Amino acid sequence: MIAGYDIPAQATSALVPFAITWEGHRYVLVPLTPKPPQLSNRKLDPATAKYRREAYARRTFVNRSRGRGSSDLKLQGYRVQAFALVEKPSPRLLTGYFVKFPGAPNVLELHASQFRGGGLQPRPCTPDYAACPAPESEHEVVVPPDRGLDTALTTAWEKVGQKWSSEVRVVERRR
């Protein structure tokens, strides 16, 4: 099961994406964002860059469940503004981060990570990662006020997803 923990008392809704797995005889919470995102600061004023650092890259959220029989359950990860799962070209986690202070329309920086080998630790797509090459420049998703942030990520992925995968080439051989 994959879910997002909504962080209470935040100015804008923020989530920590995680998975629930069964290991041995107990449930385990697996963070899907265990490391801080590599956010772009290109063309951002200092106040906005600081806002993004504080909102996403500097904070690790830790929650320990105190319920009966769940003392070992803890969730640790970095927050995102929105996330979605896609299957093509392979299972990927899409995450979105506000580019500027929230407003209408909202603008998200799109990141993708690839699930590999049946594991739940997605590896970020980067320009130098052959299994999941990301474009050199970042993609921004402009979200109109009447659209949800998570559905906007999947809509944007339909438009740019092919740029995040290696081209398949067919070469004819002469006999």
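Filter region 77-106 down to the residues that are more than 15 Å from the chain's Cα centre (by Cα) and part of a strand (DSSP E or B) and list them by number. 106, the sole residue that qualifies. Going by what's in this entry, would residue 168 be described as closer than 22 Å to residue 44 by Cα and not small (Gly, Ala, Ser)? No. Taking region 140-171 as the range and being at pLDDT below 90 and among the polar types (S, T, N, Q) as the test, the residues that pass are 162, 165, 166. In the set (1) at positive phi; (2) modelled with pLDDT of 90 or more, the condition left unmet by residue 127 is number (1).
Scanning region 139-175 for residues that are acidic (Asp, Glu) and either under 22 Å from residue 13 (Cβ atoms) or surrounded by 15 or more Cβ atoms within 10 Å (Cβ to Cβ) (or both) yields 140, 146, 150.
Pick from 116, 147, 169, 174: which is assigned to a loop (DSSP other than H, G, I, E, B), within 30 Å of residue 25 (Cα to Cα), of a type in the set (D, E, K, R) and out of contact with any Cys (no Cβ under 6 Å at 6 or more places or on another chain)?
116
Filter region 76-118 down to residues that are aromatic (Phe, Trp, Tyr) and closer than 16 Å to residue 3 by Cα and give me whichever is modelled with the highest pLDDT. Outline the logic, then answer.
Filtering region 76-118 down to residues aromatic (Phe, Trp, Tyr) leaves 78, 83, 97-98, 101, 115.
Cutting the leftovers down to closer than 16 Å to residue 3 by Cα gives us 78, 83, 115.
Numbers: 78: 91, 83: 95, 115: 90.
By that ranking, first place goes to 83.
The values are calculated or read from the model by the stated rules, or taken from the named source; none is laboratory data. Model, not experiment: these values are computed from the prediction. As a convention, Cβ positions derive from the backbone with ideal geometry for all residues, glycine included, and neighbour counts pool all protein chains shown.
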